[in-house]
Amino acid sequence: GYAVFLSSREAVLALHPGRSEQAKIQRDGATPKGMAPDFVRMTLCGANSGIQSAGIDPLPGKVNYLTAGDPSQWHTDIPTYSKVEFAGVYRGVDLVYHGDQGRLEFDFLVAPNADPKAIQLQFGGAAKLEITPEGDLAVSTANGRTAFHKPVVYQQIGGQREPVTGSFTLAQNRVAGFKLGRYDHSQPLVIDPVL
């Protein structure tokens with residue numbers, strides 16, 4: 001399993017051991033070496049600073065964070081949302097995070113004539129990045145591996161979803177980007193990888 005912590009320029013993935021390893025931890029009462037979560041920081045290289053976030057599609061529940069014994073530090077009645085948008089992470093590129101049946105999705109929304117090559121994702125804490133034969137981006141850590149599925153890339157043109165060929169690319173220092181086929185640069189573009 002995994003947990004995700006978001007900010008405007010990075011997502012921190014806490015990758016937890018699988019169920020069989022968790023059962024062993026509970027049985028033994030200790031966390032053996034190699035069973036603690038791995039943390040991978042997916043940073044947007046060269047992203048703009050001062051990016052603001054906005055919740056989209058409010059959910060019915062509210063949450064409370066009651067930490068420590070000091071009520072002045074408590075945060076109560078916080079709204080929840082199904083999506084979080086960071087506008088202008090790159091020039092003409094917005095980023096929207098959302099969940100879908102236990103999977104983390106994040107969509108890069110590329111405005112007309114914006115450059116999707118500006119999108120560069122660095123994976124700090126990863127031991128290795130590789131592209132699988134299926135086109136997925138495999139992120140290896142000390143204790144395992146997770147993958148981002150091959151990106152779904154498309155444009156909405158005339159009310160129709162038009163697919164665009166797209167794949168991950170790799171650069172030095174555990175950086176990934178996207179390679180795209182031909183598309184209409186005068187129309188918005190969506191790049192959608194899934195964890």
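The values are calculated or read from the model by the stated rules, or taken from the named source; none is laboratory data. Nothing here was measured: the structure is a model prediction, and the numbers come from that model. Virtual Cβ from ideal backbone geometry, glycine too; neighbours counted across all protein chains shown. What goes into the accessible areas is simple: the full protein's heavy atoms, side chains included, and nothing from ligands, DNA or RNA. Shrake-Rupley method; radii C 1.70, N 1.55, O 1.52, S 1.80 Å.
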Within segment 86-130, take every residue that is part of a strand (DSSP E or B) and open to solvent by 50 Å² or more (accessible area, probe 1.4 Å) and give me the one that is nearest to Ser167 (Cα to Cα). Glu130
Please determine, by comparing only the residues of segment 8-57 that are of a type in the set (Ser, Thr, Tyr) and either within 19 Å of the chain's Cα centre (by Cα) or surrounded by 13 or more Cβ atoms within 10 Å (Cβ to Cβ) (or both), which one is modelled with the lowest pLDDT. Thr31
Counting only strands (runs of 3 or more DSSP E) wholly inside segment 131-191, the ones holding at least 1 residues that are touching a residue at least 12 places away in the same chain (Cβ under 8 Å) and polar (S, T, N, Q) are 137-141, 144-157, 166-171
For segment 136-180, give me each residue that is of a type in the set (Lys, Arg), within 23 Å of Phe39 (Cβ to Cβ) and surrounded by fewer than 16 Cβ atoms within 10 Å (Cβ to Cβ). Arg145
Condition first: out of contact with any strand residue (DSSP E or B) (no Cβ under 6 Å at 6 or more places or on another chain) and of a type in the set (A, V, I, L, M). Now tell me which residues in segment 37-87 satisfy that. Leu66, Ala68
